[in-house]
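Pasting in a structure now, in structure tokens, and then I'll have a few things to ask.
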Amino acid sequence: MYLADRSAPGGTTPVTTGTGARAARVIGTTVIALGAVSLITDVSSEMVTAVLPLYLVAGLGLSPLGFGVLDGVYNGVSALVQLLGGHLADRARNHKLVAGLGYGLSALCKPLLLLAHSLGPLGAVLALDRTGKGLRTAPRDALISLSTSAEHRGRAFGVHRAMDTAGAVLGPVSAFLILRAATGGYDAVFGVSACVAALGVLVLVLFVPSRPRGPAGPRPGAARGRVDLREALSLLRLPRLRALAGCATLLGLTTVSDAFVYLLLQRRVGVGEQWFPLLPLGTAVMFLLLAVPLGALADRVGRRAVFLAGHVGLLTAYALLLWTPATLALPYLVLALHGTFYAATDGVLPAAVADVVPERLRASGLALIGTGQALARFCCSLAFGAAWTAWGDGPALAGAAIGLLCCAAVAGVVLRPAPAR
């Protein structure tokens, strides 16, 4: 099965998590520690992300096309590095080291935002920041999957994404408060963000183990032998992985970036500049509330159903932006659906990949999927920015909605469970 109908192996009895301690035993302390690192790091990164669209468009006067290019760099450069990060982690058999390099590079980039005030330098700094993200993503997710049993991977990724999203909630709130209180405005946000990012690296070094521990303890023989690049690329011979990679890439081509969604909302509803940093908060709160329940649901009813339902929610958000009158309820509805989309897809996809990729190549397999998806979203940012500039925001979003509907229909067919024999 491509996105397994039931991720638990036959005969395995799911563990009920009645208390926090028991839940920690099910998903592993490594997941909790990585969740804490992601929480702190996301406070830092989301402080910047929350103010960046308005800073670039209103502050520096970039056109939608210029912003699309920069947003594409911000979201797409990591795609070019994810394969490297995943391969290095598998080859060195030290996922923590490679992830730490990625977190450290992103932390070093935050102070540089204080010095960049034009498109070129900003693009270079954001590219370096996303390079760090590309290095750390696959090794981090590999650590999560290797530390958790197959029947609880959806829940484990849900817990991690929930903690990560708690940082995404705190980041925009912090940016909002700093913008209201500080004289330096954007520079103050960038400075505080740098300090918080350094704290996240420190927590990774002190509390995340170098070797993952599975449900039954460490598995020293799981990664025996040296992994070469040809072996990592040979993963694409796996039919199930090819199907996942193809569908993730196809859907990414029609997934409008978060920044454009927030700019569209601001234009539709007339959100004031001082309130703009709080728009990502709506997405993050819904993501936080639903990440664990939807991850657990994917463990029970199948990854495919939850993954496709998330894209249906995103399509509904596009429809609301296109055709619903600009009422006070519109931002809440759109942001709730936006957050539901991420809760149903962001952790479910890597859990599905972990089900079909061997342990010794886990980071490489996750990187292959992440690379395809990130490159597709990079292309979408460029195309959407160009379409907005040429025809306006409405036709651009309508094209994205039609494309998403077609791609979701194709993914629904391709990801159908294999017939039982």
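So V348 passes all but one of these: (1) at pLDDT 95 or above; (2) over 21 Å from C406 (Cβ atoms). Which condition number does it fail?
V348 satisfies all of (1) at pLDDT 95 or above; (2) over 21 Å from C406 (Cβ atoms) except (1).
Of all residues in the stretch 316-363, which are part of a helix (DSSP H, G or I), buried (at least 20 other Cβ atoms within 10 Å of the Cβ), aliphatic (A, V, I, L, M) and over 18 Å from the mean Cα position of the chain (by Cα)?
A317, L321, V334, L361
Enumerate the pairs (first residue in the stretch 243-266 and in contact (Cβ under 8 Å) with a residue 12 or more places away in the chain; second residue anywhere and basic (K, R) and assigned to a helix (DSSP H, G or I)) with beta-carbon separation below 8 Å, excluding pairs fewer than 6 apart on the same chain, so at least 6 apart or on different chains.
Short answer, once both residue conditions are applied: G252/R377; L253/R377; T255/R377; S257/R377.
Related question: State whether one or more residues within the stretch 172-193 are within 20 Å of the chain's Cα centre (by Cα) and modelled with pLDDT under 90.
Scanning the stretch 172-193, I find at least one residue that is within 20 Å of the chain's Cα centre (by Cα) and modelled with pLDDT under 90, so the answer is yes.
Give the stretch 364-377 a look and list any residue that's of a type in the set (A, V, I, L, M, F, W, C) and either closer than 13 Å to L235 by Cα or surrounded by 24 or more Cβ atoms within 10 Å (Cβ to Cβ) (or both), or say none.
Within the stretch 364-377, L366, A367, L368, I369, A374 meet the criteria.
Tally the residues that are in contact with a helix residue (DSSP H, G or I) (Cβ under 7 Å, 6 or more places away or on another chain), touching a residue at least 40 places away in the same chain (Cβ under 8 Å) and among the hydrophobic types (A, V, I, L, M, F, W, C), restricting the search to the stretch 379-421.
Total satisfying the criteria: 17.
Let me ask something else. Name the single residue that is farthest from W388 (Cα to Cα) among those in the stretch 247-263 being among the aliphatic types (A, V, I, L, M) and modelled with pLDDT of 90 or more.
A248
While we're on this one: So is T165 of a type in the set (S, T, N, Q), outside any helix (DSSP H, G or I) and surrounded by 21 or more Cβ atoms within 10 Å (Cβ to Cβ) or not?
Judged against the criteria, T165 is not a match.
Moving on. In contact with a Ser or Thr (Cβ under 9 Å, 6 or more places away or on another chain), on the phi < 0 side of the Ramachandran plot, modelled with pLDDT under 85 and surrounded by fewer than 23 Cβ atoms within 10 Å (Cβ to Cβ) - does that describe any residue in the stretch 36-50?
no
Hey, any hits in the stretch 358-374 for a residue that's closer than 14 Å to S145 by Cβ and free of Cβ contacts under 8 Å to residues at least 40 places away in the same chain?
Yes, because at least one residue in the stretch 358-374 is closer than 14 Å to S145 by Cβ and free of Cβ contacts under 8 Å to residues at least 40 places away in the same chain.
Which residue, of A354, A309, is touching a Gly at 6+ places or on another chain (Cβ under 9 Å) and closer than 21 Å to R416 by Cβ?
Of the residues listed, the single one that is touching a Gly at 6+ places or on another chain (Cβ under 9 Å) and closer than 21 Å to R416 by Cβ is A354.
Let me ask another. Hey, does the stretch 97-112 have a residue that's buried (at least 17 other Cβ atoms within 10 Å of the Cβ), at pLDDT 90 or above, aromatic (F, W, Y) and part of a helix (DSSP H, G or I)?
yes
Then there is this: Being more than 20 Å from the chain's Cα centre (by Cα), within 17 Å of R267 (Cβ to Cβ) and either in a helix (DSSP H, G or I) or of a type in the set (D, E, K, R) (or both) is the filter here, so list the residues in the stretch 376-398 that pass it.
Correct list: G385, A387, W388, T389, A390, W391, D393, G394, P395, A396, L397, A398.
The values are calculated or read from the model by the stated rules, or taken from the named source; none is laboratory data. Predicted, not measured: the structure shown is a model, and the values here were computed from it. Every residue, glycine among them, receives a Cβ derived from its backbone with ideal geometry; neighbour counts consider all protein chains shown.
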